[in-house]
Each structure stands twice: as structure tokens, then as C-alpha cells.
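Just so you know, all these numbers are worked out from the coordinates, no wet-lab data involved. Here the structure is a predicted model, which means the values were calculated and not measured. With ideal geometry, Cβ positions are generated from the backbone for all residues, glycine too; neighbour counts draw on all protein chains shown.
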Ligand SMILES: *Cc1c(COP(=O)(O)O)cnc(C)c1O
């Protein structure tokens, strides 16, 4: 085995829970309004078990094959699995079969395929938005989010729940907040038309305080939960 770093996942989670509750108070958010999604990509089943034992139920993955192996192995644990990665059309069936949530829907074609291939309970869906500061190609522009929400809201096997974004890393807290505020404003605007929207998926290890300050209901944390990802 390489390296001697011992990560205490349970201790990380206990500390994070305290920080999240502290930020909720500091920024006037109601208690327990921010949920922790543990991003377990490239992490082992042993690490996921440790997080589950510490009370985490929601896990995020972004490679289908890797995720399916873990979902099968951990089927006894009653976890909720969230797909948070880019979606190729030929992966929608596996995603529709294996996941409870998808945060990264960014075009109608993908939404339609997920709807057609989903069996059982509806898939819980967030639209991924590409904020103005992002160089990445994933996500709809804010101006296009409403049309995609409209499309999803008509698909019976998808339940439209919210918006997600992955802003480029920004050094300043005030810049991070400004970026998340853009998504939050779009969310509040769309909520007028789609009352079922209740999920604002934003904030990662380096910027989750700013995300909580701006109204995140789901923060997606990998490194601060599990330590650095194995390469
Ligand atoms: C990897 C990843 C995360 C977690 O990133 P950390 O910086 O390790 O917290 C969150 N969201 C998405 C979409 C990711 O791909």
C-alpha cells in the first residue's frame, strides 16, 4: 500500500456536521436545511461504509461502471445514489436503472432517454446550469434553464427537483458568493413556475460556506469527507 495517511472518515463527518450547522446559524438558514451529499468517486467501498456508519445516506458518483459495482456491493445499506457526472447518451439506461437522483441533466435528449428508460419510481432530477464564470461545456445557460425545466416537468418518470452548478474555483469568498447567487436567483425565479423545486445543489469542498450563505440545500463534498481521491 502506498502512503501512510490515515483518514478518519467518521471524524471528518462529525466535524463537517458541526460546521454545516454553524454556517446555517451564521447565514440565517433554518436548522438542517443543508444536506450533505458525500462524493465517493474513486473512493473504496470501505470508505463508503465508514461514511454510512457515521450517518451519511446520500452518495455521489460520476462514472457509471465504477458506481454500478459499488451500488451492487453496498445494496444492503439502504443508501441513496446520486449521479453527478457528465452524461453520454449511451449511459442513460444504466443511470436510469441504478440511481435515485441525477444532478447533471443538461439537454432535452438526455432527459427524454432517462424518462423512457426509467422503471419504477420517478428519477429525481436537477438541471445542471453553466454559470457565466465557467469554462466547462456542461450545463445549460441560465437563459435556457426554463425551457429545459419545462421539458422535464412534462416527463412522467422524471421528478424535477432543482438546479445544480459546478463553478470554476474562485479564490475570494465574495466572488464565490456572487457566483452562487446567480444560480440561487435563477432557482427562485423558476420556483414561481415549478413549485416542486426544492433542491439547490451547489458547493464543494473549497466553497461550501459561500454556497450555504447563498441558499444551497445540497452540498457535494468529496475531499473534506474522504481525504484526497486515490489516483
Ligand atoms: C468531484 C466532485 C465534487 C466533490 O469535489 P471536492 O472538491 O472533492 O469536494 C462535487 N461535485 C461534482 C460534480 C464532482 O464531480
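Hey, could you pull the Cα Rg and Dmax for region 71-115, both in Å?
When restricted to the Cα atoms of region 71-115, Rg and Dmax are 11.1, 34 Å.
If I take the Cα coordinates of region 109-202 and project them onto the principal axes, what are the three extents in Å, biggest first?
Taking the Cα atoms of region 109-202, the three principal extents are 44, 27, 21 Å.
What is the antiparallel percent of DSSP beta bridges lying wholly in the chain, to the nearest 5? Intermediate values should be presented prior to the final figure.
Numbers: 0 of 26 bridges.
Roughly 0 percent of the DSSP beta bridges within the chain come out antiparallel.
How would 23, 63 line up from fewest to most surrounding beta-carbon atoms within 10 angstrom? Could the numbers behind the result be given before it?
Working: 23 20, 63 14.
Fewest to most other Cβ atoms nearby, the residues stand as 63, 23.
When 173, 208 are ordered from fewest to most other Cβ atoms inside 10 Å of their Cβ, what list results? List each step's numbers first, then the result.
On the way: 173 12, 208 24.
Arranged by neighbour count, lowest to highest, 173, 208 become 173, 208.
When N counts the residues of region 4-92, how does its alpha-carbon radius of gyration compare numerically with 2.2 N^0.38 Å, as a ratio?
Details: Rg = 14.8 Å, N = 89, 2.2 N^0.38 = 12.1 Å.
Relative to the 2.2 N^0.38 Å estimate, region 4-92 comes out at 1.22.
If you project the alpha carbons of region 149-231 onto the principal axes, what extent comes out on each, in Å, largest first?
Extents along the principal axes, in whole Å: 40, 30, 17.
Computed FRET efficiency, Cβ-Cβ of residue 31 and residue 108, R0 30 Å: what is it to the nearest 0.05? Provide the component values of the computation, followed by the final result.
Working: r = 38 Å, r/R0 = 1.25.
Step by step, r from the Cβ atoms, then E = 0.20.
For the chain, what does -39500 (n - 2.57) per DSSP helix run (n ≥ 4), summed and divided by total residues, give at 222 nm, in deg cm²/dmol to the nearest 500? Display every interim value, and only then the final one.
On the way: 9 runs with 97 residues, N = 231.
-12500 deg cm²/dmol, from helical runs alone.
Show log10 I(q)/I(0) for region 2-226 at q = 0.07, 0.08 Å⁻¹, two decimals, from a solvent-free Debye sum over equal Cα scatterers.
Each listed q maps to, in turn, -0.21, -0.27.
Rank the residues 142, 152 as a footprinting-exposure proxy: fewest other Cβ atoms within 10 Å of their Cβ go first.
On the way: 142 19, 152 22.
Going from least to most buried by this count: 142, 152.
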